[in-house]
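Below: the structure, in C-alpha cells.
The values are calculated or read from the model by the stated rules, or taken from the named source; none is laboratory data. This one's a predicted model, so the numbers in the text were calculated from it and none came from an experiment. Backbone-built Cβ (ideal geometry, glycine too); neighbour counts: all protein chains shown. Heads up: the accessible areas ignore ligands, DNA and RNA and are worked out on the full protein's heavy atoms, side chains in. Shrake-Rupley method; radii C 1.70, N 1.55, O 1.52, S 1.80 Å.
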Amino acid sequence: MLRLTLPALICLPGAAFAHSGAHSGGGAFVAGMIHPITGADHILAMVGVGVWAAMIGGRALWAMPLAFVLAMLAGGMAGATGMIVSGVEPMITASVVLIGTAAALALRPALATVLLALAVFGAAHGFAHGVEGPGTGLVAYGAGFAGMTAGLHGVGIALGRMGAGWMPRAMGLATAVAGLGLAGGAL
C-alpha cells in the first residue's frame with residue numbers, strides 16, 4: 001500500500017508552486033487543514049520531518065515536529081500580514097530535498113542544528129500558508145494548518161519506525177529525488 005501511496009502523493013496534480021488559494025466551504029479551520037495537503041512539496045517535507053525524527057529518536061521525536069510547527073505558525077502570521085519575503089517557494093523546495101537527503105543519509109547532527117534548520121524551513125512553509133489563507137478567521141486557519149502538519153509529522157514518524165533500517169532511508173531518498181523533480185518542474 002505504501003508503495004502506491006507515496007508515488008500517488010508525489011504526482012498529485014498541481015504539485016509544487018500550485019497551491020490554489022481557493023479554500024471554499026467548511027470555514028477557516030477546514031481551509032487550514034486542507035492547505036498543507038494541496039501541494040506535494042508540503043506533504044513531502046512534513047512527512048519527511050517525521051521520518052527523520054523517527055530515525056534520530058529520543059528528544060528529536062517531539063522537538064523536530066514542534067520546532068517546525070511553531071516556526072510555521074510564526075511564518076504564517078508574517079504571510080497573513082502581507083509581509084513581502086522573497087525566495088519562499090525555492091526554500092520550500094530546498095526543504096524537501098534537504099530533509100529527504102538528511103533522512104536518506106541517516107544524518108544525526110546536533111539537535112540544535114537540526115531544530116534551527118527546521119525552523120527556517122517551517123517558517124517558509126508557514127509563510128506560504130499565511131499568504132494563501134483566508135482574509136478572516138486566521139486563528140482557526142492557523143490551528144487547522146498546524147494540526148494537519150502535526151498529523152503529517154505523525155505519519156512520517158510512524159513510517160520511519162516501520163520495517164527494516166533501510167526503509168526510512170529509502171523514503172528519505174524518494175523524498176529528495178521528488179524534491180529535485182519539483183525543483184526541475186518535472187512533477
Residue match in the stretch 113-133 (condition: aliphatic (A, V, I, L, M) and not in a helix (DSSP H, G or I)): no
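Select, from Leu70, Leu61, the only residue that is over 27 Å from Gly184 (Cβ atoms) and without any contact (Cβ under 8 Å) to a residue 60 or more places away in the chain.
Details: Leu61 fails: without any contact (Cβ under 8 Å) to a residue 60 or more places away in the chain.
Result: Leu70 is the single residue among Leu70, Leu61 that is over 27 Å from Gly184 (Cβ atoms) and without any contact (Cβ under 8 Å) to a residue 60 or more places away in the chain.
Kindly establish whether Gly75 is modelled with pLDDT of 95 or more, farther than 24 Å from Leu173 by Cα and crowded, with 22+ Cβ neighbours inside 10 Å.
Values: modelled with pLDDT of 95 or more: yes; farther than 24 Å from Leu173 by Cα: yes; crowded, with 22+ Cβ neighbours inside 10 Å: yes.
Yes; evaluated as a whole, the condition is true for this residue.
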Yes/no for Ala31 being open to solvent by less than 10 Å² (accessible area, probe 1.4 Å), in contact with a His (Cβ under 8 Å, 6 or more places away or on another chain) and modelled with pLDDT under 95: yes
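Out of all the residues in the stretch 82-126, which are of a type in the set (Val, Ile, Thr), more than 14 Å from the chain's Cα centre (by Cα) and closer than 21 Å to Leu173 by Cβ? Explain how you work it out, then say what you get.
Within the stretch 82-126, the first condition is being of a type in the set (Val, Ile, Thr), and the residues that meet it are 84-85, 88, 92-93, 96-97, 99, 101, 113-114, 120.
When the remaining residues are screened for being more than 14 Å from the chain's Cα centre (by Cα), the result is 84-85, 101, 113-114.
Answer for the stretch 82-126, where residues must be of a type in the set (Val, Ile, Thr), more than 14 Å from the chain's Cα centre (by Cα) and closer than 21 Å to Leu173 by Cβ: Thr101, Val114.
Residues to consider are Ala140, Ala106, Ala146; find the one that is open to solvent by less than 30 Å² (accessible area, probe 1.4 Å) and touching a helix residue (DSSP H, G or I) at 6+ places or on another chain (Cβ under 7 Å).
Numbers: Ala140 fails: open to solvent by less than 30 Å² (accessible area, probe 1.4 Å); Ala106 fails: open to solvent by less than 30 Å² (accessible area, probe 1.4 Å).
Result of the check over Ala140, Ala106, Ala146: Ala146.
At pLDDT below 95, assigned to a helix (DSSP H, G or I), more than 30 Å from Met55 (Cα to Cα) and open to solvent by 10 Å² or more (accessible area, probe 1.4 Å): does that describe Val85?
Working: at pLDDT below 95: yes; assigned to a helix (DSSP H, G or I): no; more than 30 Å from Met55 (Cα to Cα): yes; open to solvent by 10 Å² or more (accessible area, probe 1.4 Å): yes.
Criteria not met by Val85.
Scan the stretch 174-185 for residues that are part of a helix (DSSP H, G or I) and more than 11 Å from Leu44 (Cα to Cα) and report the count. Steps first, please.
Of all residues in the stretch 174-185, those part of a helix (DSSP H, G or I) come to 174-183.
Filter once more, keeping what is more than 11 Å from Leu44 (Cα to Cα): 180-181, 183.
So the count comes out to 3.
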